[in-house]
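Structure, as C-alpha cells:
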Amino acid sequence: MGSPKVIIHFIPLEAFAGGPTYDVRPIYDNPQLIAPMGTTVWGHRLNLDGVVAFGNRQPCETYTQLFRNGVLEVVQGRILASQHEGRLVIPSVAFEEYIVRYLPQCFRLLETIGAGLPIVVAMTLTNTKDLWMGVDTFLRDEAGYPIDAETIILPETIVETFATPAQLILKPMFDLIWNACGFPASQNFDADGNWVTRRR
C-alpha cells in the first residue's frame, strides 16, 4: 500500500463531449504555471498526454499533469499524513493551506490555455484508513477518531468562473474530511466561511 495521497481533478465539462484539443506548449514554456503542489525541487516535460511537472524526490509521489483536452490532474503524496507518536496524523493547517493556495494556480493555468467553463473540481483521498486529524497544529496532537475508509471520494463542485474563491470551493470538501474524523467541521474557517491561518 502506498502513502496517503491527495488527488484533485479539474475537468472542463466540454471534455465530456469530446471538446477541443488545447496547445500545451505555452505551459511547457512557462513551467511555473504547472509547478507541482507542495514541492520546491521539481522538473517538467512534455509527454504523450500533454505536459507534466513532477517532484524530483524518489519514489515520485507528487505530480501535476495537464492533458490536451484541458483536464488537469494534481497528485500530492507528501502533505496528507505525518508521523506522530506512532500514528499517521493529518497536519490539518498545512494540508488545507497547501490546497487553498494551489487552486488559484490551477485556475491560472486553465485560463492560460483557454479552457472552457464550467469546470468540475473533484477531490479524492487515498490510503486514508486509520489516519487521525491533527488539531493542535504545532504538536500535531490527534483527536477525534481515525478514518475508517480506505478511500474518501468527495462530492464534486461545478465552478462557473475562475474568479471563484478557493475557500468557497474547498470548505464543503474539508468539512467532510473532518467529519470522517469525528468533527463537525474544519476548524480552519471563521464564522463567515473564510479560511484563516492558525499557528502551525
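The values are calculated or read from the model by the stated rules, or taken from the named source; none is laboratory data. Just so it is clear, the structure is predicted and the values come from calculations on it, not from any experiment. As a convention, Cβ positions derive from the backbone with ideal geometry for all residues, glycine included, and neighbour counts pool all protein chains shown.
General remarks:
- In summary, strands (runs of 3 or more DSSP E) completely within the stretch 106-200 and bearing 1 or more residues that are at pLDDT below 95 occur at 132-136, 141-143.
- Subset tally (residues that are crowded, with 21+ Cβ neighbours inside 10 Å, touching a strand residue (DSSP E or B) at 6+ places or on another chain (Cβ under 6 Å) and either closer than 20 Å to TRP195 by Cα or among the aliphatic types (A, V, I, L, M) (or both)) for the stretch 72-93: 8
- The set of residues in the stretch 1-51 that are small (Gly, Ala, Ser) and assigned to a strand (DSSP E or B) comprises GLY43, GLY50.
- The residues on offer are ASP49, ASP29, ASP23, and the sole one that is at pLDDT 95 or above and over 27 Å from ALA163 (Cβ atoms) is ASP49.
- Residue match in the stretch 94-101 (condition: among the acidic types (Asp, Glu), out of contact with any helix residue (DSSP H, G or I) (no Cβ under 8 Å at 6 or more places or on another chain) and surrounded by fewer than 19 Cβ atoms within 10 Å (Cβ to Cβ)): no
- Filtering the stretch 148-200 to residues that are surrounded by 13 or more Cβ atoms within 10 Å (Cβ to Cβ), touching a residue at least 60 places away in the same chain (Cβ under 8 Å), farther than 19 Å from ALA122 by Cβ and in contact with a Phe, Trp or Tyr (Cβ under 7 Å, 6 or more places away or on another chain) leaves CYS181, ASN188, TRP195.
- Count - residues of the stretch 67-104 that are part of a strand (DSSP E or B) and of a type in the set (Lys, Arg): 1
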